[in-house]
Amino acid sequence: RQVTSDASFHSASFSDTDHPRVLITGGLGQLGVGLAKLLRKRFGKYNVILSDIRKPPSNVFHSGPFIYADILDYKNLREIVVNNRITWLVHYSALLSAIGEANVSLARAVNITGLHNILDIAAEHGLRLFVPSTIGAFGPTSPRNPTPDVCVQRPRTIYGVSKVHAELMGEYYHHRYGLDFRCLRYPGIISADSNPGGGTTDYAVQIFHDAFKSGKFECNLKPDTRLPMMYIDDCLRATLEVMEAPADTLSMRTYNINAMSFTPEELAQELQKQMPELEVTYDVDLVRQAIADSWPMNFDDSNARKDWSWKHDYDLPELVQTMLNYFSTDAC
Ligand code: AKB
């Protein structure tokens, strides 16, 4: 049967296709809307449902199916998965590193209890499950330059601890129950039309906003703090690629992915090539600095490149140019 309106996305309204039926949790964060757009292009508008506990802005609401989903409410989740015949679940709900330290019990509930619900739902209904991990899943005793896929992981944030837990639980469910769990460790993600919230790498997005708004940027990390970073388009494409990869190409279930590594000073210098008037000062936030100092400086993603041909498109110059293009068009 034909789908006739945005609101009618329940299973009864769909004709069967070979396409996956995707649910994205935490859909109103930095990555969900962009991922929904990419997946809808590939699988059809009504096969991708964005969800969150917040009210969506009208452009998001009108661009495809949106539904209320509380990952802490198991029954609510199960109902959504069953009623919409979900086959893939992308689990983006999480509190990031800096905000997690300011609210440990909420971070523990969302990042750990929420994940348990997601794992059980996915195992119960035979879903393919994507859970992002992060450079934050490493800690001060991990090798930092470069950081391989498999090494010591003793993070010192609740965010990092919850992500190591997610990696291990997902892999456990894979081996124990056959859950099709797939996980990428994302670097800091830089995007123009969506904002991160509460992360340690947020400065690398904020600098563009402030450069255009006031021509001044105060950075909360030291100028020489080197961290792995990636432009959002590369991150979303990697996510789709690992989800589509044939299972027999995956020699592991949790992969590092990388594009570039830079410091605030290097990012500022690249931006100043085109905005020489930009003034950058530093006022270090001690919590964020301690977190950044315990994270990888360079990420070894050779397994992803070997197993499923991961390849990034954006290095620092292309990233800066793309962000500048967006903000200068937006400012007109
Ligand atoms: C954060 O800074 O907390 C996140 C991340 C690197 O996982 N952007």
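The values are calculated or read from the model by the stated rules, or taken from the named source; none is laboratory data. No experiment lies behind these values; they were computed from the predicted model shown. Cβ placement follows ideal geometry from the backbone for every residue including glycine, while neighbour counts extend to all protein chains displayed.
You will find that of 28, 89, 95, the residue that is in a strand (DSSP E or B), at pLDDT 95 or above and surrounded by 16 or more Cβ atoms within 10 Å (Cβ to Cβ) is 89 and no other. Restricting 239, 249 to those that are out of contact with any Ser or Thr (no Cβ under 9 Å at 6 or more places or on another chain), polar (S, T, N, Q) and within 30 Å of residue 23 (Cα to Cα) reduces the list to 239. Within region 273-291, can you find the residues that are in a helix (DSSP H, G or I) and touching a helix residue (DSSP H, G or I) at 6+ places or on another chain (Cβ under 9 Å)? Listed by number, the residues that qualify are 287, 288, 291. Out of 131, 104, 82, one residue alone is in contact with a Leu (Cβ under 8 Å, 6 or more places away or on another chain) and away from the ligand (no atom under 12 Å from the Cβ). It is 131.
All of (1) away from the ligand (no atom under 16 Å from the Cβ); (2) surrounded by fewer than 18 Cβ atoms within 10 Å (Cβ to Cβ) hold for residue 206 with one exception: (1). For the residues 75, 41, 55, the requirement of being closer than 25 Å to residue 230 by Cβ and surrounded by fewer than 16 Cβ atoms within 10 Å (Cβ to Cβ) singles out 41. The residues of region 179-233 that are part of a loop (DSSP other than H, G, I, E, B) and among the hydroxyl-bearing types (Ser, Thr, Tyr), listed by number, are 191, 194, 200, 201, 214, 225.
Here residue 141 clears all of (1) polar (S, T, N, Q); (2) closer than 13 Å to residue 291 by Cα; (3) within 16 Å of the ligand (Cβ to nearest atom) except the condition numbered (3). Criterion applied to 106, 35 was being touching a strand residue (DSSP E or B) at 6+ places or on another chain (Cβ under 8 Å) and not in a loop (DSSP other than H, G, I, E, B), and the one residue passing it is 35.
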